[in-house]
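Below you'll find the structure, written out as structure tokens, and then a few comments.
Laboratory data are not the source of any read-out in this text; all were calculated from the coordinates shown. These figures come from a predicted structure and were not determined experimentally. Don't worry about glycine lacking a Cβ; one is built from the backbone with ideal geometry, like all the others, and counts go over all protein chains shown.
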Amino acid sequence: MLLASTYNEFIKITAKPRSYLGLGAITILVGVILFALKVDGLSMISFVTTSFEQTLTFQGNLLNGNLVAFIILQMLIIHIPLLVALVTGDLVSGEAASGAIRILLTKPISRTQVLLSKFIAGGVYTLCMIIWLGLMSVLIGRVLFGQGDLMVLNSDGLVILKENDISWRYLGGFAVAYLALLTVSTLSICLSCFTENSIGPIVTTMAIIILFTIIGTLDVRFFDQIRPYLFTTHMAAWRSYFEVPLPTAQITKSIFILLGHQVVLISIAIIKFNTKDITS
Amino acid sequence: MIPPSIRVLFLLFFLPFCTFAQDASTLVAKLSAKMNQVKDYSVQVRIQSQIPLINIFPVNGTVYYKQVDKFRIIAKGIAILPKQGFTDLAQLLSKKERYSAISTKTEQVNDVPLQVVNLLPTDETGDLILVKLWIDSTKDLIIKSQTTTRSSGTITANYQYGKQQAIGLPDILVYTLDVKKFKIPKGLATDINRTNIPTKAQPKTGKITLTFTNYQINKGIDDKIFKN
Amino acid sequence: MEDKIIQVKHLAKKFGTFDAVKDVSFTVYKGDVFGFLGPNGAGKSTTIRCMLSLIKPDAGHIQLFGKTLDTHRSQILARTGCIIEKPDFYKYLSAFTNLSLSSRISGGSTSRKEIMEILDFVGLAGREKHLVGGFSHGMKQRLGIAQALLHNPDLIVLDEPTTGLDPQGIIEIRNLILRLRDQQQKTILLSSHLLSEIEIIANRMVIINKGESVVEGEVSTLLNSEEMVVSIEVDKPLEAQILISTHFSHVLPSVKIAQDTLTMNIKKAEIASLNQLLTSQGISVFAIQSKRKLEDYFINMINEHALS
């Protein structure tokens with residue numbers, strides 16, 4: 001019955017106009033960034049190389065598709081969670097608000113299965129978003145700007161990765177980015193179980209992300225204890241794939257923390273959803 | 001009337017300079033003549049950079065040169081090269097009227113006596129301020145050079161020769177750069193979640209090593225290669 | 001044994017400090033069309049939601065098909081179809097898709113043929129591709145009935161199924177319910193404010209008020225044991241009233257005169273005697289009407305419960 005319910009959720013998501021808002025927004029945002037980079041990309045990246053250019057000269061195709069994709073991912077990673085939450089935050093509360101949940105929960109399927117099917121469908125939707133982002137940024141970036149080595153600016157300096165050493169990093173990076181977005185999706189669905197209006201979970205999810213991000217960036221000793229366990233700290237874990245040497249331990253830790261968040265959030269959501277009285 | 005003792009002293013004082021000046025110009029002229037034997041060349045190059053704050057793998061490429069000042073490196077991927085000290089020396093030496101050479105001293109480097117010659121560019125408004133050459137006068141080879149420019153400061157290059165010694169083309173060039181001014185810009189591409197970065201003591205110099213193999217000399221190079 | 005399809009015993013549910021349901025008990029037998037009555041706020045909706053596992057009761061015992069929801073929820077709901085208040089669907093999906101979604105997780109068929117048949121059955125043929133967002137209230141009601149029937153349930157719970165329907169629609173639903181009972185042996189629990197409809201189609205009923213059961217039983221028995229409200233149109237109403245006071249004194253307190261019509265509460269068996277008395281004393285009787293039995297019975301029961 002879980003599969004049947006999940007299939008139903010896919011039908012509902014694909015039929016909702018709002019589901020295409022996110023994909024459309026990504027298309028437009030990426031398009032705008034690609035256009036800007038095509039017009040004046042070199043001056044953007046010269047900002048990165050300025051302090052080195054007194055003594056050094058950088059030869060080769062700096063502004064290539066790989067760098068463009070990296071810049072796009074870097075710019076959009078704070079905005080994509082909103083586009084994900086826009087759909088996933090509505091999966092439970094939207095049906096509660098419309099009353100459709102009454103019919104749904106009088107069917108011979110357990111509430112846990114109903115909720116899990118929503119998590120699965122939300123996860124697949126998030127996967128579609130990240131795949132679309134990848135296609136738009138990496139594929140179209142490479143078509144417009146060509147291929148080449150990737151120059152990445154990390155906190156401890158500039159890393160230049162060979163062209164044939166990049167694709168697997170992008171795959172790994174996107175996989176971890178997906179995990180981060182999946183955590184956002186899980187959070188929004190969990191919040192969706194506590195309310196009966198559509199906007200609440202979406203706004204609350206974004207507020208939590210913003211709050212945790214601020215806590216993560218404030219260089220205050222008080223927050224040092226909790227910072228490593230905030231999921232927002234690990235939302236940028238995808239960048240670790242572009243470091244040399246690859247910080248495997250750090251990436252593994254990020255993966256486990258993100259997965260841990262999802263387990264906790266799903267558990268909370270299941271408990272709430274199963275004990276909730278449907279009075280709407 | 002100048003006393004003879006004073007004349008002798010005067011001669012003793014200026015004679016070495018006159019002698020050196022003549023030697024410096026001759027020495028540099030010999031170098032130029034040697035280098036001018038090469039009308040064009042292409043060579044495979046491997047560029048290895050050890051520069052603080054930059055992590056880059058070795059890059060392979062091809063260097064193309066054609067007299068007088070056509071020069072291009074085509075590398076697969078991104079290569080980092082010193083801004084100065086690579087082509088400007090060859091360009092300076094290509095025309096005698098571009099510089100004046102002054103011999104300063106002799107230095108022992110690896111048990112080899114080297115003549116230290118200063119090249120002062122005649123163009124006082126240009127970026128190049130001074131080029132210092134350590135020359136093995138027995139072989140007419142530049143062993144070390146130090147280029148000072150207004151924009152880039154001082155870059156030192158060490159030359160190692162192999163098969164192409166006779167025409168003054170090195171097998172290995174090692175550049176040493178001043179990296180004190182290097183810093184990481186915050187913003188576009190930084191990791192905002194990283195705080196408390198442990199500050200390591202940053203070395204003050206960086207190195208770029210160019211290893212040349214498979215010189216193709218005076219085989220003719222199409223001018224199209226030098227167009228971007 | 002499945003003779004008792006629904007058994008509710010001492011059901012209670014509180015929301016905060018408010019007792020939505022205090023002590024509701026009733027039994028629905030196989031083949032019943034069971035009327036579930038109560039004024040607004042009596043706890044009908046809460047009771048139905050408890051029966052269908054939408055709300056967890058604080059106390060009491062519910063069994064459907066001899067099984068409890070705690071242990072056999074899926075089995076019970078697989079045999080149950082329901083409409084709870086106004087049926088809400090996915091507005092951005094068509095009628096057909098809404099039904100196929102519902103049927104897929106009910107264990108019913110999602111074949112196009114069967115869905116089209118049920119749409120035709122409820123009078124929505126030709127509307128299968130229309131988005132539900134554009135449906136009128138009555139059309140949604142019909143669609144709700146369709147989704148309740150699609151998986152061929154044994155028990156049908158209908159909460160206000162005729163709300164928003166025109167008189168023709170109400171009659172159609174009434175006939176449908178009777179057909180389901182007679183031809184398909186469905187058991188139906190029907191909550192409605194249209195007491196006339198309950199009176200016509202229900203064979204058993206319960207009345208609840210302020211979260212408590214007031215009375216339960218066969219409709220005919222409950223209504224016949226009580227006095228009927230009767231209107232008699234005569235030519236001499238005052239003389240008729242005097243006759244009633246001497247021969248039917250127990251009726252006198254309830255007699256009201258409006259122009260030539262006397263209205264009173266009187267037992268069914270006494271109507272013929274009264275008619276004979278009036279005509280024998282020279283009073284012409286033009287019409288005798290019994291008015292909205294269940295409605296008055298209902299109001300009486302509620303008022304008595306409120307006083308007790």
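Some points to look at:
- Inter-site label distance for residue B:222 and residue C:250 at 7 Å from Cα along Cβ, in nm: 12.3
- In terms of Cα atoms, the Rg and Dmax of the protein assembly as shown work out to 46.2, 182 Å.
- Relative contact order, percent, segment C:226-307 [alpha-carbon distance under 8 Å, six or more residues apart]: 43
- A Gaussian network model of chain C, with springs between Cα atoms under 10 Å, assigns the largest mean-square fluctuation among C:23, C:32, C:260 to C:260.
- Values of log10 I(q)/I(0), in the order q = 0.11, 0.19 Å⁻¹, for segment A:1-115 under a Debye, Cα-only, solvent-free model: -0.58, -1.02
- When B:71, C:26, A:256, A:70 are sorted by how many other C-beta atoms sit within 10 angstrom of their C-beta, beginning with the fewest, the order is A:256, B:71, C:26, A:70.
- Rounded FRET efficiency, nearest 0.05, which uses the C-beta distance separating residue B:205 from residue A:195 and R0 of 56 Å: 0.35
- For segment B:86-126, trypsin sites (Lys or Arg not before Pro) are listed when DSSP marks them as loop and at most 16 other Cβ atoms sit within 10 Å of their Cβ; the list is B:95.
- Packing-based exposure ordering (other Cβ within 10 Å, fewest first) of C:82, A:128: A:128, C:82
- Span-rule helices in chain A, defined as complete DSSP H runs reaching 24 Å or more along the axis (Cα) with Kyte mean at least -1.0: A:18-49, A:111-134, A:167-192, A:199-217, A:248-275
- Coarse-grained scattering of chain C at q = 0.10 Å⁻¹, given as base-10 log I(q)/I(0) from a Debye sum over alpha-carbon atoms: -0.66
- Taking the charge dipole of segment A:2-275 about its Cα centre, with +1 at Lys and Arg Cβ atoms and -1 at Asp and Glu Cβ atoms, the residue from A:194, A:217, A:52 reaching farthest to the positive side is A:194.
- Proxy reagent accessibility, fewest Cβ within 10 Å first, across A:238, B:134, A:132: A:132, B:134, A:238
- Estimated 222 nm signal from helices in the protein assembly as shown, with DSSP H stretches of n ≥ 4 weighted -39500 (n - 2.57), rounded to 500: -13500 deg cm²/dmol
- Three semi-axes of the equivalent ellipsoid, chain A, Cα gyration tensor, whole Å, largest first: 38, 21, 16
- Straight-line reach from residue C:9: taking Cα to Cα under 19 Å and skipping same-chain neighbours fewer than 8 places apart, the aspartates and glutamates in range are C:19, C:23, C:32, C:58, C:70, C:212, C:216, C:218.
- Per principal axis, descending, Cα span of segment C:147-234 in whole Å: 52, 33, 26
- With a Förster radius of 51 Å applied to the C-beta separation of residue C:70 and residue A:75, the computed FRET efficiency comes to 0.45.
- Each Lys and Arg contributes +1 and each Asp and Glu -1, all at the Cβ; summed about the Cα centre of the protein assembly as shown, the dipole is approximately 3260 debye.
- Computed from the Cβ-Cβ distance with R0 of 60 Å, the FRET efficiency linking residue A:226 to residue C:290 stands at 0.20.
- For segment B:55-75, the residues whose amide N sits under 19 Å from a probe point set 7 Å from the Cα of residue A:250 along the beta carbon direction are B:55-57.
- Taking only the alpha carbons of segment C:16-116, we obtain Rg and Dmax values of 16.1, 50 Å in that order.
- Dimensionless Rg/Rh of segment C:226-307 - Kirkwood Rh, Rg from C-alpha atoms: 0.99
- Under 13 Å of direct C-alpha separation, and excluding same-chain neighbours fewer than eight residues apart, residue B:83 reaches these aspartates and glutamates: A:53, B:127, B:178.
- For segment C:76-183, fraction of C-alpha pairs farther apart than 16 Å, in %: 54
- Segment B:77-147: Cα Rg divided by the 2.2 N^0.38 Å rule of thumb: 1.21
- In order along segment C:197-213, the Karplus-derived 3J(HN,Hα) couplings, from 6.51 cos²θ - 1.76 cosθ + 1.60 at θ = phi - 60°, round to 5, 4, 4, 6, 9, 7, 9, 9, 7, 9, 10, 10, 8, 6, x, 10, 6 Hz, and Gly and Pro are given as x.
- Over 25 Å between alpha carbons, listed pairs A:12/A:107; C:91/C:186; B:139/B:180; C:210/C:267; B:30/B:105; A:16/A:118: C:91/C:186; B:139/B:180; C:210/C:267
- Whole-number percent relative contact order across chain C, with pairs defined as alpha carbons under 8 Å at least 6 apart: 19
- Dipole size of chain A about its Cα centre, with +1 on Lys/Arg Cβ and -1 on Asp/Glu Cβ: approximately 820 debye, rounded to the nearest 20.
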